[in-house]
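Take a look at the structure set out below.
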Amino acid sequence: MAIMSKTLTAGAVVTAPKQRVVGRPFQPGQSGNPAGRPRSSRSRHSENFLAAFANDFELHGAAVIEKVRTESPAIYLKIAADLLPKESVLDIDVDVTLRQAVDVATAFRVLAALPKTELIELRKNAVETD
């Protein structure tokens with residue numbers, strides 16, 4: 001077995017100092033890729049995807065929504081919840097007397113006790129009188 005020895009010649013270059021430093025390889029404000037990502041490359045991809053999705057939705061959207069609603073109600077509800085805003089501000093001026101609140105609660109109890117056919121009839125009458 002031959003033993004090879006490493007000897008440095010005059011033309012040899014020591015590479016150890018050129019190796020990356022563990023931790024932060026670049027100084028703050030410096031970039032490892034000064035040219036950066038090409039302008040609008042990410043937004044162009046997003047625009048193309050959204051256009052393709054919109055075209056597909058126009059063709060199949062309603063049918064797919066109905067299929068998801070009937071076959072996977074949990075997914076349907078998750079999508080519906082995701083479409084709602086995370087937070088909304090509701091500014092309502094509530095000026096109700098106790099007597100009005102009791103009257104509304106009584107009316108609600110009466111309506112809730114009615115059979116569905118009578119509720120439909122009441123709704124039709126209410127629309128006709130408006």
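The values are calculated or read from the model by the stated rules, or taken from the named source; none is laboratory data. The structure presented is a predicted model; accordingly, all values stated were derived computationally and were not measured. A quick note on method: Cβ atoms are made from the backbone with ideal geometry, for glycine too, and the neighbour counts reach across all protein chains shown.
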Q. If you scan segment 66-92, which residues turn out to be at pLDDT 75 or above, assigned to a loop (DSSP other than H, G, I, E, B) and among the aliphatic types (A, V, I, L, M)?
A. 84, 89
Q. Can you find a residue in segment 93-108 that is at pLDDT 75 or above and among the small types (Gly, Ala, Ser)?
A. yes
(Q) Quick check on my filter: what residues within segment 62-76 are over 20 Å from the mean Cα position of the chain (by Cα) and surrounded by 12 or more Cβ atoms within 10 Å (Cβ to Cβ)? (A) 67
